[in-house]
Amino acid sequence: MTTLAAEREIEHLMTLHPKGFDLSLDRVTRLLERLGNPQDRLPPVIHIAGTNGKGSCAAFSRALLEAAGHLVHVHTSPHLVNWHERYRLAAEGGGKLVDDDVFAEAIARVAEANAGQAITVFEILTAVTFILFSEHPAEAAIIEVGLGGRFDATNVIKRPAVSVIMPISMDHEAYLGDRVELIAAEKAGIMKRGCPVVIGAQESDTALQVLIETAERLDCPTVVYGQDFLAFEENGRMVYQDEDGLMDLPSPRLPGRHQYANAAAAIAAVKAAGFEIGHRAAERAMTHVAWPARMQKLTQGKLVDLAPKGAEIWLDGGHNPGAGIVIAEALAEQEEKNPRPLVLISGMINTKDQTGYFSAFKGLARHVYTVPVTSSDAGVPNDELALRAEEAGLSAEPVSSVANALMLLRDSWDGPAPRILIGGSLYFAGAVLAENGTPPT
């Protein structure tokens, strides 16, 4: 595969600025001043933080706005296969991933403005977001926080149209704190005085209290899931309810009960940002939303061809205990509708609670194949990951690759065609999509 020009620019930056996080706004603020503060020239911004569900909320928000005929930019991270996935630029008929030459030129311009100063690559790429989004016309910009909130490089937006806080759970403890209220305080750092806030479904009352108190202190008009808006299933459809009334909508195209709450947060966010969303646009959004590697059904590709005949294969990049619970619930729903033996093929990185993730699948998964995550320096060795799965009460064995796991399954399988979940890390999910020949578009 030919290396894209933008990728070469980023690889060069990686050699100058080592990987890693260094949470501070000083470096990115200095760089943006040199670039003429493009972050102050954006269309209305929907700024999204949280531990789980940020990307799904961004996907639903984009689907809602585009279904209503609006031009929308979207910034998400991390990418799965190509860096370009982080930047979707507004276009008639639906946004498109940034062209390579446009992306490479923006990176080069930002790197030149930085003039060799100490900085993280994420900060440079965040500045690229603001350059691209300020120079291409759009009616809205959806911007996902990278890590935390308060000191995340995206948090230089002075007046977001709305700040959204999705479900908070334990993750990135080394950077954000080891108690859920500390993590909530970091995420709440994206709230700006007087600007609307949407608080998505929270599993922790402590986190919810921190978020509400912060919003009140900053005089933010606030809507809270379960209090001011909610969504529930009725007769196989999704009902959304807020102070404006009910919307009876198709079930979201993204599988899993948790996506009802994610979709509801997006509807609330888009409305709080000042956009009218009619019933027809909301219906279209639910049936057209797409978000790769989040309970994504793989139906074709090189890896799919290696699986047992008739196997159902799902890919999900969720990687912490909170994500494990919602993925297990989604698979339990599938089991109720269409029973099949569940097998996991898992790869994880060492910053995550691996045993906590696997615990969600106890009593549901028949077996786990653990594989190395070769796309990350932080990948957990497959034999160690098998031990973590066994600690969670699962039957597990290490194998060398996803392809190897699928072939082992195919050659030894006897019985009804299995349901296979491949996941445990977004790095891992991206590598799977690349190897399968089905990268995001």
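From the list Ala332, Ala263, Ala231, the one residue that fits, being among the aliphatic types (A, V, I, L, M), crowded, with 23+ Cβ neighbours inside 10 Å and free of Cβ contacts under 8 Å to residues at least 40 places away in the same chain, is Ala231. The condition (being within 27 Å of the chain's Cα centre (by Cα) and either at pLDDT 95 or above or not assigned by TED's automatic domain parsing to the domain that holds Pro308 (or both)) is satisfied by just one residue among Leu406, Leu426: Leu406. You will find that of Arg62, Arg30, the residue that is out of contact with any Pro (no Cβ under 8 Å at 6 or more places or on another chain), surrounded by fewer than 19 Cβ atoms within 10 Å (Cβ to Cβ), in contact (Cβ under 8 Å) with a residue 40 or more places away in the chain and farther than 15 Å from Thr154 by Cβ is Arg30 and no other. Taken over the range 406-420, the residue count meeting the criterion of being among the aliphatic types (A, V, I, L, M), part of a helix (DSSP H, G or I) and in contact with a Pro (Cβ under 7 Å, 6 or more places away or on another chain) is 1.
Among the candidates Glu9, Glu85, the residue that is over 25 Å from Ala264 (Cβ atoms) and within 15 Å of the chain's Cα centre (by Cα) is uniquely Glu85. Number of residues in the range 265-297 that are out of contact with any helix residue (DSSP H, G or I) (no Cβ under 9 Å at 6 or more places or on another chain) and of a type in the set (A, V, I, L, M) equals 2. Within the option set Leu364, Leu342, Leu408, Leu433, being among the aliphatic types (A, V, I, L, M) and in contact with a Lys or Arg (Cβ under 6 Å, 6 or more places away or on another chain) holds for one residue only, Leu342.
I need every pair where a residue in the range 206-228 that is assigned by TED's automatic domain parsing to the domain that holds Arg179 and of a type in the set (Asp, Glu) has its Cβ under 6 Å from the Cβ of a residue that is surrounded by fewer than 16 Cβ atoms within 10 Å (Cβ to Cβ) and not in a strand (DSSP E or B), sequence separation at least 6 or different chains. Once the first residue is assigned by TED's automatic domain parsing to the domain that holds Arg179 and of a type in the set (Asp, Glu) and sits in the range 206-228, its partners that are surrounded by fewer than 16 Cβ atoms within 10 Å (Cβ to Cβ) and not in a strand (DSSP E or B) give Asp219/Gly194.
Filter the range 365-405 for residues that are of a type in the set (Gly, Ala, Ser), in contact with a strand residue (DSSP E or B) (Cβ under 8 Å, 6 or more places away or on another chain) and assigned to a helix (DSSP H, G or I); which is surrounded by the most Cβ atoms within 10 Å (Cβ to Cβ)? The extreme case among them is Ala389.
The values are calculated or read from the model by the stated rules, or taken from the named source; none is laboratory data. Since the structure is predicted, the reported quantities are computational estimates derived from the model, not experimental observations. Heads up, the Cβs are rebuilt from the backbone with ideal geometry, glycines too, and the neighbour counts pull from every protein chain shown.
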